[in-house]
Each structure stands twice: as structure tokens, then as C-alpha cells.
Amino acid sequence: MRRANLNSWLLAAPLTGVLVVFLILPILLITAVSFWTADEFSFRPDFQFGNYEYLFGSAVAWKVFGLTFMMTVIVWALTLVIGFTIAFFLAFHVRTQKWQMALFLLTTIPFWTSNIIRMISWIPLLGKNGLVNQTLIGAGVINEPLQWLLYSSFSVCLAFVHLYTLFMVVPIFNTMMRIDKSLIEAARDGGASGFQILTNIIIPLSKPGIMIGSIFVIALVMSDFVTTRFMSGSQLANVGRLISNDIGLLQYPSAAATAVVLLITVLLIIGAMLRLVDIRKEL
Amino acid sequence: MSKMRYSRRNILKGGAAAVAASAFPAPMIWAQNIKDVVLRQAGTGVSAFNEVAAKVKEDLGFTLEMTALDSDAVTQRAATQPDSYDIADIEYWICKKVWPTGNLQAMDISKIANYDKIAGTFRDGKLTPDSVIAQGTAPHTVGFVEGPGSTTFATQDSGWMTLIPTIYNADTLGIRPDLIGRPIDSWAELLNPEFKGKASILDISSIGIMDMAMVCEAMGEVTYADKGNMTTEEIDKTIGIFMEAKKNGQFRAFWKSFDESVNLMASGEVVIQSMWSPAITAVRAQGVPCVYQPLKEGYRSWGGGIGLSAGLSGLPLDAAYEYINWYLSGWVGGFLMRQGYYSAVPETSKLFMSEDEWGFWYEGKAATGDILSPSGTVIEKAGAVRDGGSFLDRMGKVACWNSVMDENQYMVRKWNEFIAA
């Protein structure tokens, strides 16, 4: 018994070590630095709440957090609907496994290029003299180019959805593939409509996949700074940009404080989501 | 090629060097040693050209490694990581921020061969004997310190320089004349509602705030005692006006890097914006009309120079002085002038430029033949005249220098609010 106990400790030790050194320690360090004071170039150890006071007292910070939330909710909803639909189609409408895999791989093709390229490639498409505007003007639908296509919340949202839908597709597709097909047949035999099958069988059984996808998307959107910067032409800010601005100006303690608040917010959201679905039980 | 293989040519070269070394011992040993020196230069992208590093290798024998960063990142590195660079290629306002950290060392002007030929702007602040010194961090005010180890700036030429000036220019607004269709002559036009959704300003606080100040002053909304050193009240007013404009949709985007400004202008997203001289050239090189518009209120000017890391000593320090002397000896000057910048020692640069090039870039004369960029593409045809005219016309109308204010931290906070609002 004792030997088995020791063995399991030893087996867990390498991973624990890695997590402690590369995850726990840095987070503790960031938390510690968030209480330090800084002037223009130097920052020194201290224990004061000035960085947090400034953050919570700043109307701009509240607004930016609000905008980040709003963006996260919109992007989450869109990626969920699109991702679920694609996964559903792949899992239940495509008959052969060969085609399922082929089409699944097809959805990953855009991800063979870098994040930045996929994002930037929208710019020539959406610009004032971009392809979309030219086509619409050419077709006589509009007379003036649409301004809101680029450097707007719209373009930021669009880029996010484009970038992160795959993170929904993969886990949902994965859980859907593991749903026993005989359940669906039984439901159909029992007289359930397609919609009833969807709401009573497929959605409940896909929940773990939906949750994992949601956690990916929420964490990615909330921590992003570069997409927002490029797609809004620097006109919108999210929390990530507040942090990167602070870092650029050597205000590490203030950046650390913002990072800690962001981390806590994301953890709370994910914690709440995990209350809804016990991923481990369902996997 | 494998390093292990000895080619006949290398052995001959080695032999020749050995013969020469025994014939003239001292200088050749020096020349051999210096080949191993690697100087790491960190700086803003403006003067980080690979051509310069290649020419250093060719002319001086040692290796220059260049890292280009944006202004904020350079400041950060110069102030916090003195061991990560040997040469800091920075602007004078950055010098004002970084010098007090003690990470740079003062340079002895007696070791600078062309010191006497450096433009007056960098020595006593006067371009011509009767020119008025502009507001902001004028280079000569932070160009000297009392002596080695001193962290306070000297008020006049003390024999110890903080930065050796290398490059400078007068900046103004860039416009798309074809899309605007009428003359533009004032900074105030940036906020003209006529250009709603078609204007841009750069998102680098220390430079952007100066462009803002030029605009607010031109509009008659704010009068500044010194644009380069605003009071908190002046900062509030200035940023307030721009926040209002942002809310009203005046700006299409803000840009942070050179290429962003080029793309905004070339694609027609923006018709009027803060811009840097080579960005104008890049837009024109795409066949898109773009003018670096001289404005009646004058230019916002900046100057850059190279400083030495405090840790530099011995042979690398000697190599750094060699590099500085080489920098001022003309080849780089000519190279930079062809980019639309000015060299700190114009008269040596002249030796490395054709008469037509010198006439076009420096004297503001009409080009007599095609004007080529350093990479060889035609950027101006015969008959073209430089926007803003001659060196004296442009540098003589500087209204303020890029600067760092006493209220810098307050300004930066306000700037972040402007961007985030």
C-alpha cells in the first residue's frame, strides 16, 4: 500500500514539477509584482494597492473590460452556432468515415498559415476600396463604400470568429462521433422528431465538447490583443491591449495588476461553466 | 561551405596577412583583432539598414548587428537592459529619458574627427546664426554632459557628448492630393470634419502628442507655453479635443509602424495623416500620389544619434569610435539623404552624392534627371522638386522637437485613455 502510494507520487512528480516551475511560480510572481510601485523606468518591491486602485477607479478600464466581455460573448455565441453546425453536419450527415475525415481536415486547412496572415488577409477584402465594397458598388447595391466593414467592431468580431471557430468544431465533433448511433435510431423508432433528437440526445451528449470549445474560445478572445489592434486599426481596446500598453511603457506592476484581474475573471467564468457541466464525468 | 575546408585562396590570404603583420606589427594586429569585434546596435527602424551593416564590414572589418524596435521598445531596452546592446541608436528625446539611468557613457569629442562639421542644430541649437530655437527637446539641450559619469545635461558644448548626431528630419502631415483636391496649408486640417473617417494619427504617445499639439494650436483651441513640456491642464485640453474627434468618427485608424502608415495611405483608407518621410516615398513608389505637405505653422522635427553603452570598453570601445567616425565621414550620410533624411554632417555626405541628388535632396532644386532610391528604383522624375524645398527652408521652419515632458507619466496615461476610449 505504502509502496503503491509512493509510486503514484513519483509518477505525478515530473508533471507537478513542470507545472510548478512554469505555471504556478510565474503566476505567483506576476501577483507579487502587481503590488509593487513603479516610476518611469524602475519598479521596486513594495506592498501597496495603488495599481488596483487605479484600475478599479478608471472609467476607461471598466469600459475596456466591458467591451472585452461583450466581444467575448458575441464571438462565443457565433463560434458555438457555426462550430456546432459544422460538427453536426460532419458527424451525422456525412455517411462514410473517409469523407468525414477528409472534410474535417478541410476545415483545418486555413490553420496551416499563421494567425497573423489569416487576420491581415481580411484587410484588402474589407477596405474602402476592397473587394467587398468594389463588388457591392459594381453591383449597384450601394453608392458609397461601407465604412464599417473595416477598422470597426464588426471586423474585429469577424476575424475572431474566423480564427477561433475551429476550436469549437474539433471538440464538439469529437464528442459527437462518440455518441452511440443506436440511441438516435431508438429515438427515431420511438417517434421522436429530428428537433427532439437534437435537443434531447445530441446536445446533452455533446455538452463536454461544447464546454471544452467554449473554454478555448473564451480564454483566447479574452486574452487577445493583436487581433483587436489590427482589425480595429488601433481604435478599440481590450484588456490585452491595456496590458501590452503598460508593458510597452515599462509599467510592469500596473500590467501585472491588470493581468491578475483578467486571470481571476477568466477563472471565474470557466469555474461557473464547469459548475454547469462536469466535464470529467462526461468524458 | 564547410568551415573545416581550407581553400587555396584563404591560405594565400592568411599568408599575406602574416607577412604584412610581421612587416608592420602594431596596426596589423589591431586590424586582425578588430575583425572579431561584434558591436550590437539597438535602435529605431529609421536608420537600421542592412546596407549600413554590410558597408561597415567592408570598410571597417568588424561586425555590426542591428536590431530595429519601435521607439517605446528601444527606450525600454536602453533603460533596463544595458548589457543587451553596445550602441544605442536613439532619438534625442529618448536620450533625455535614458541618460539619467547611467546606462550610456559620454563621448569625448576630441576623438570625433568631423566634430566641427556637425550641423549647428546639434551643437548650439542654431541652424543659422539668427535662427530661433524651437520648443520641445531640442537636441543640443540634451546633447552634452559635464563629463564622464555625469548624469546631468550641460547647457553648452562641454566636450562630452551624449549622442553623436546621425540623422534628423522635419516631419509634417502626409496627404493624398488626388483625393483631397484642394490646397492644404495648416495642421488644423487633420481635424477638419471634411475628412471624417479619412484621417489618422500615429499611436506613439511621445510623438503623437506633439502632432496633436500642432493641430490644437493651429485650430486656436489651445495656446501652449511650451508644446514640448505641457502642463497637465494643457494635456487634458489637447487629448480632450482629440477624444471628441475620435468619438465623432474623425479617424479611420491609428498606426504604430511605418508599414501601417504606408498601407493606410496607399489603399486610400486615409487621405491625411501623420507620416514619416520615407513612408511618403514608399507610397509614391507604388505609383500613388502622396505629398509631404509643408504647413504654415511649421514642422515637428526629430533628431537621432548613436550613444555608447556604459559597459563598452577596450577594443570594442575603440571600434565604436571608429564606427562613429566612419558614420560621419559621408557614405552613410549620402545613403540617408537619399532616403529623405538629413545627415548631421552635410558637407561630407555631399562627396558621396551626385550633383543632381545633392541639388534635389539638400538644396531643394528641381531634379535634372531621375532621382533613384538607394535600392535603385526611380522615385522622382526630372523636374520634380522636394516637398518643402531646401534644407534651410525645411529645418529652418521647425516649430517643435519631439520631446519628453515633465508630466510624461500623466500624458502617457491620458494617451492610453484616448486610444482605449
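The values are calculated or read from the model by the stated rules, or taken from the named source; none is laboratory data. As the structure is a prediction and not an experimental result, all values here were calculated from the model. Here the Cβ is made from the backbone with ideal geometry for all residues, glycine too, and neighbour counts use every protein chain on show. Keep in mind that these areas ignore ligands, DNA and RNA; they rest on the heavy atoms of the full protein, side chains included. Shrake-Rupley method; radii C 1.70, N 1.55, O 1.52, S 1.80 Å.
Within the stretch A:193-210, the presence of a residue that is part of a helix (DSSP H, G or I), touching a residue at least 12 places away in the same chain (Cβ under 8 Å), of a type in the set (D, E, K, R) and within 24 Å of A:TRP36 (Cβ to Cβ) is excluded.
Output the residues belonging to the stretch B:77-95 that are out of contact with any Phe, Trp or Tyr (no Cβ under 8 Å at 6 or more places or on another chain) and surrounded by fewer than 19 Cβ atoms within 10 Å (Cβ to Cβ).
Here is the first cut: in the stretch B:77-95, the residues out of contact with any Phe, Trp or Tyr (no Cβ under 8 Å at 6 or more places or on another chain) are B:81-86, B:88-90, B:94-95.
The answer is B:GLN81, B:ASP83, B:SER84.
Residues that are touching a residue at least 24 places away in the same chain (Cβ under 8 Å) and open to solvent by 60 Å² or more (accessible area, probe 1.4 Å) within the stretch B:221-250 comprise B:THR231, B:ASP236, B:LYS247, B:ASN248, listed in sequence order.
Among residues of the stretch B:267-284 that are within 13 Å of chain A (Cβ to nearest Cβ) and within 22 Å of A:TYR151 (Cα to Cα), those with a beta-carbon under 7 Å from a residue that is assigned to a loop (DSSP other than H, G, I, E, B) and open to solvent by less than 10 Å² (accessible area, probe 1.4 Å) at least six positions away or on a different chain give the pairs B:SER267/A:GLY127; B:GLU269/A:GLY127. Select from the stretch B:50-75 the residues that are within 14 Å of chain A (Cβ to nearest Cβ) and farther than 23 Å from B:SER313 by Cα and write down the one among them that is surrounded by the most Cβ atoms within 10 Å (Cβ to Cβ). Within the stretch B:50-75, the match that is surrounded by the most Cβ atoms within 10 Å (Cβ to Cβ) is B:SER71.
Within the stretch B:26-49, if we keep just the residues that are open to solvent by less than 60 Å² (accessible area, probe 1.4 Å) and modelled with pLDDT of 85 or more, the residue that is farthest from B:ALA88 (Cα to Cα) turns out to be B:VAL37. Number of residues in the stretch B:273-300 that are under 29 Å from B:GLY120 (Cβ atoms) and either in a loop (DSSP other than H, G, I, E, B) or out of contact with any helix residue (DSSP H, G or I) (no Cβ under 7 Å at 6 or more places or on another chain) (or both): the value is 12. Within the stretch B:301-329, the residues that satisfy the criterion of being farther than 28 Å from B:GLU189 by Cα and outside any helix (DSSP H, G or I) are B:GLY304, B:GLY305, B:ILE306, B:GLY307, B:LEU308, B:SER309, B:ALA310, B:GLY311, B:LEU312, B:SER313, B:LEU328, B:SER329.
Listed conditions (1) surrounded by fewer than 23 Cβ atoms within 10 Å (Cβ to Cβ); (2) within 20 Å of the chain's Cα centre (by Cα) are all met by A:TYR252, apart from (2). Looking at the stretch A:59-169, the helices (runs of 4 or more DSSP H) lying wholly inside it that each contain 3 or more residues that are open to solvent by less than 50 Å² (accessible area, probe 1.4 Å) and more than 14 Å from chain B (Cβ to nearest Cβ) sit at A:59-88, A:97-108. The single residue among B:SER329, B:SER313, B:SER261 that is at negative phi and touching a strand residue (DSSP E or B) at 6+ places or on another chain (Cβ under 7 Å) turns out to be B:SER261.
Listed here are the strands (runs of 3 or more DSSP E) enclosed by the stretch B:164-259 that have at least 3 residues being touching a helix residue (DSSP H, G or I) at 6+ places or on another chain (Cβ under 9 Å) and within 14 Å of chain A (Cβ to nearest Cβ): B:199-202, B:251-255. With respect to A:THR37, is the statement that it is touching a residue at least 40 places away in the same chain (Cβ under 8 Å), closer than 29 Å to B:TYR410 by Cα and within 13 Å of chain B (Cβ to nearest Cβ) true? So A:THR37 fits the description; yes. I'm checking my understanding of the structure. Among residues of the stretch B:330-352 that are in a loop (DSSP other than H, G, I, E, B) and open to solvent by less than 20 Å² (accessible area, probe 1.4 Å), which one is modelled with the lowest pLDDT? Selected residue: B:GLY340.
Could you go through the stretch B:407-419 and let me know if any residue there is more than 14 Å from every other protein chain (Cβ to nearest Cβ), within 30 Å of B:ASN248 (Cβ to Cβ), in contact with a Lys or Arg (Cβ under 9 Å, 6 or more places away or on another chain) and buried (at least 17 other Cβ atoms within 10 Å of the Cβ). No, the stretch B:407-419 contains no residue that is more than 14 Å from every other protein chain (Cβ to nearest Cβ), within 30 Å of B:ASN248 (Cβ to Cβ), in contact with a Lys or Arg (Cβ under 9 Å, 6 or more places away or on another chain) and buried (at least 17 other Cβ atoms within 10 Å of the Cβ).
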